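So the structure is just underneath, and the comments pick up after that.
Read-outs: derived from the displayed coordinates by stated rules, not from any lab. Predicted model, so just to flag it, every value in this text is computed and none were measured. Note that we place each Cβ from the backbone using ideal geometry, even for glycine, and neighbour counts take in every protein chain shown.
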Amino acid sequence: MPADLYADSPTDARAIALVEEQLANRNWGILSTQGYVLGIDLGVYGLRAALIDMQQQTYASAHAEVQSTNPYAMTQDALALAHDLLAEYEVSLDKLLRVGVGFGGPVDTQRGEVRVAPRMAGWEGFQLRDEVEQAFDTVTLLENDANLIALGEAFFGVGKDISHLFYLHLSSGVGGGLVVQDRLYQGSTDIAGEIGHVAVIPTPPDQPMVTLEQIASVSGLLQRARAAGLETDNLHDVFGDDPIAQRVVAETADLLGLRLAQVSALVDPQLIVLGGIIIRLSGAAFITQIAEHMHRYHAPHIAHPLPIVASVLGADSVAVGALALALSSLGD
């Protein structure tokens, strides 16, 4: 998947409007009456930095392509991007209230370190939070990308008027995030919502399990399409008119609908949000298929009109979620 699908995507005007609207309408705590909050996104598809001026209630962002996935080099590139954004708006470090950081993989939020980066080598145990905190001399919070998108949508996006939502991220990986009573729910070990990393079918002990990520991620979809006879390395073709592609997509929608039915029965959200490159490329028809299967898998006595919608925060969604995480800490 080319990086420019992410890194070169401009900030969506709708996302800017949504963020600035909520900055004006929500009470962010006494510490937020003036000053700035910074959000940083380090992902395999690109780097993002986002800045909000709490007094003026305005939002700005910047983006760059990934030049190196080495943890030190990539972190320095992200810090440089953020410093440039601060310099552009003449923000001194003493004006920063909080920094939120999103990473494209599992993290230990208590230790502030990366647990594993499935698509980037050398990140295991990397103290990302400390690196950022030292650079800005400001309280810094670290979280994984899917959790931050969930929180961003809950604070600023399609979930801004509800209290409970589940977010499913379909991209180079498959992740999930859960917001309960307007707060990010991480569970006891930071893995709440990670439905992409458990088996989807029973597997004998001597055989490798098959996870939702192996089936419904970008590489999973392409591998399954090729195995079915569609010769392509382009995700656009998977969502095209070829009968083989349509069968693969239908099977994927069926499985995702089943998993989301199980999620909805367990956590009973008011809304399910889908996002990631796969959702951006597939369009509304794929979401409709998933929703139809999800409702089909509910027993009649627990069936209810649970909506499934697409994320609206666009390419800045992780950085916006990092802002939401930082903002939520102001009231703690």
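Other residues whose C-beta falls under 15 angstrom from the C-beta of Asp242 contribute a net charge of -2, scoring Lys and Arg +1 and Asp and Glu -1. At an R0 of 30 angstrom, the distance between the Cβ atoms of Asp94 and Ala284 translates into a FRET efficiency of 0.05.
Classify segment 53-201 as rounded, prolate or oblate, taking a ≥ b ≥ c as the square roots of the eigenvalues of its Cα gyration tensor: rounded when a/c is under 1.5, otherwise prolate if a/b is larger than b/c and oblate if not. Oblate shape, in that a/c is at least 1.5 and b/c is the bigger or equal ratio. Applying 0.36 nm per residue to the separation of Ala24 and Ala80 and subtracting their alpha-carbon distance, the gain on full extension is 17.3 nm.
Distance between the modelled labels on Ile302 and Asp268, one decimal in nanometres: 1.0 nm (7 Å Cα→Cβ projection).
On a 0 to 90° scale, report how tilted helix 284-296 is relative to the longest principal axis of the chain, with both axes built from alpha carbons and the result rounded to the nearest 10. With rounding to tens, the tilt is 70 degrees. Largest GNM mean-square fluctuation among Tyr89, Tyr72, Tyr59, using the chain with Cα springs under 10 Å: Tyr89. Going by alpha carbons, how many degrees (0 to 90, nearest 10) lie between the helix axis of 71-88 and the longest principal axis of the chain? Here the helix axis deviates by roughly 50 degrees. Around the Cα centre of the chain, unit charges on the Cβ atoms of Lys, Arg, Asp and Glu (plus for the first two, minus for the last two) sum to a dipole of about 760 debye. Between Glu292 and Asp206, the C-beta separation translates, for a Förster distance of 35 Å, into a calculated FRET efficiency of about 0.45.
Here the label points at Arg111 and Ser188, each 7 Å from Cα along the C-beta direction, are separated by 1.8 nm in the simple model. Size descriptors for the chain (Cα atoms only): Rg and Dmax, in that order, 19.5, 60 Å. Annotation: for a label point projected 7 angstrom from Cα along Cα→Cβ of Thr69, residues of segment 267-281 with backbone N closer than 17 Å are 277. Once you list every other residue whose beta carbon is under 14 Å from the beta carbon of Ala319, what net charge do they have if Lys and Arg are +1 and Asp and Glu are -1? Taking every other residue near Ala319 into account, the sum is -4. What angle do you read, to the nearest 10 degrees and between 0 and 90, between the alpha-carbon axis of helix 145-155 and the longest principal axis of the chain? It is inclined by approximately 70 degrees.
GNM on the chain, alpha-carbon springs under 10 angstrom: the most fluctuating residue among Leu165, Leu142, Leu97 is Leu97. Specify whether the C-alpha gyration tensor of segment 90-169 places it in the rounded, prolate or oblate class, a ≥ b ≥ c being the square roots of the eigenvalues: rounded for a/c under 1.5, otherwise prolate if a/b is larger than b/c and oblate if not. Verdict is oblate for segment 90-169. For segment 176-282, applying the loop criterion from DSSP together with a ceiling of 16 other beta carbons within 10 Å to the GluC sites (Glu not before Pro) yields Glu231.
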